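Worksheet for the structure shown next.
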Amino acid sequence: EAGVTQSPTHLIKTRGQQATLRCSPISGHTSVYWYQQALGLGLQFLLWYDEGEERNRGNFPPRFSGRQFPNYSSELNVNALELEDSALYLCASNRDRANNEQFFGPGTRLTVL
Amino acid sequence: DAKTTQPPSMDCAEGRAANLPCNHSTISGNEYVYWYRQIHSQGPQYIIHGLKNNETNEMASLIITEDRKSSTLILPHATLRDTAVYYCIVRAHSSNTGKLIFGQGTTLQVKP
């Protein structure tokens with residue numbers, strides 16, 4: 001069974017630009033979660049999508065947004081990039097909202113210069 | 001979700017059992033204890049979870065005290081590949097927030 005995949009592996013942008021990160025969940029999983037892991041700040045919850053709808057978001061500004069497609073894959077968009085957005089962005093999926101075992105992808109390393 | 005407390009770091013000799021403690025004194029009746037680990041620069045990996053009974057799988061054992069205020073994750077024969085940050089997370093089984101709240105975790109260093 002293929003795991004959660006994320007692309008790109010690395011992304012380098014400059015301040016003010018926009019970044020788009022992609023995630024494909026495990027086949028059969030309908031929920032997708034996004035987390036940010038910045039240096040020294042630990043893993044912070046960003047967004048949760050289930051059945052195409054945004055179900056919850058963490059304490060992040062509106063320039064962090066995303067969507068989930070009919071095939072359950074997901075995109076995370078970060079607008080007006082700031083230096084402190086540099087982080088590892090992790091995507092996770094699970095079968096449904098009642099299942100707490102989240103399966104994580106390898107992450108996208110975003111560097112903002 | 002209840003708060004958890006873990007030691008920041010621990011060492012373990014290769015081949016020996018690694019016992020990682022977690023305190024969760026404010027845990028409520030419907031909350032489970034979950035353990036994840038994150039090997040350097042990879043995504044976190046689910047290990048095990050339990051409510052009140054001890055649990056065992058191919059990776060580890062989870063021992064939960066009778067009052068449920070603390071638990072211990074046991075890696076029975078630690079290898080160098082078990083070097084990672086281990087996170088203890090407490091949450092309700094069907095949480096309507098979706099999120100996992102990761103604390104600072106315990107950095108386990110397995111030494112040869």
Checklist entry - What accessible area per residue comes out for the protein assembly as shown, rounded to a whole number of Å², with a 1.4 Å probe? => result 49 Å²
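Got the relative contact order for chain A handy, in percent, Cα pairs under 8 Å and 6 or more residues apart? Before the final figure, lay out each step's value.
Numbers: 291 pairs, mean separation 41.6, N = 113.
In percent, rounded to a whole number, it is 37.
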Next on the checklist: By the 4.7 Å beta carbon criterion, which cysteine residues of the protein assembly as shown come out unpaired?
Outcome noted: B:12
Checklist entry - Averaged across the residues of B:86-92, what count of C-beta atoms belonging to other chains lies within 10 Å of each residue's C-beta? => result 1
Checklist entry - Short version: ³J(HN,Hα) in whole Hz for each residue of the range A:43-49, in order, from phi by Karplus 6.51 cos²θ - 1.76 cosθ + 1.60 (θ = phi - 60°), x for Gly and Pro, what are they? => result 7, 10, 5, 10, 8, 9, 10
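All other residues with a Cβ under 15 Å from the Cβ of residue B:75 taken together, and with Lys, Arg as +1 and Asp, Glu as -1, what is their net charge? Before the final figure, lay out each step's value.
Numbers: positive: B:16, B:37, B:81, B:111; negative: B:11, B:14, B:55, B:58, B:82.
Cβ neighbours under 15 Å give a net charge of -1.
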Checklist entry - Expressed as a whole percentage, what fraction of the accessible surface of the protein assembly as shown belongs to carbon and sulfur atoms when a 1.4 Å probe is rolled over the protein heavy atoms? => result 49 percent
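By the scheme Lys and Arg +1, Asp and Glu -1, what is the net charge of all other residues having a beta-carbon under 14 Å from that of residue A:12?
Details: positive: A:13, A:15, A:109; negative: A:85.
Once all neighbours under 14 Å are counted, the net charge is +2.
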Checklist entry - What quantity of accessible surface, computed with a 1.4 Å probe and excluding non-protein components, is buried in total between chains B and A, in Å² to the nearest 100? => result 1600 Å²
Item to check | Test item: B:35-48 mean partner chain Cβ contacts at 10 Å | outcome: 4
Checklist entry - What residues qualify as long-range amide H neighbours of residue B:91, i.e. H under 5 Å apart, gap of 5 or more or another chain, H built at 1.01 Å from N? => result B:32, B:34
Checklist outcome for this item: For residue A:86, other-chain or 5+-apart residues with amide H closer than 5 Å (H placed, Pro excluded) are A:112
Next on the checklist: I want the antiparallel fraction of DSSP beta bridges within the protein assembly as shown, as a percent rounded to 5.
Outcome noted: 90 percent
Next on the checklist: If I build a Gaussian network model for chain A, linking alpha-carbon pairs within less than 10 angstrom, which residue out of A:68, A:44, A:36 has the largest mean-square fluctuation?
Outcome noted: A:44
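Quick check: net charge around residue A:89, other residues with Cβ under 12 Å of its Cβ, Lys/Arg +1 and Asp/Glu -1?
Details: positive: A:22, A:109; negative: A:75, A:85.
Cβ neighbours under 12 Å give a net charge of 0.
The values are calculated or read from the model by the stated rules, or taken from the named source; none is laboratory data. Bear in mind that the values here come from a model prediction, so they are computed numbers and not experimental data. Cβ sites come from the backbone with ideal geometry, for glycine too, and all protein chains shown count toward neighbours. Surface areas here come from the heavy atoms of the whole protein model, side chains and all, with no ligands, DNA or RNA. Shrake-Rupley method; radii C 1.70, N 1.55, O 1.52, S 1.80 Å.
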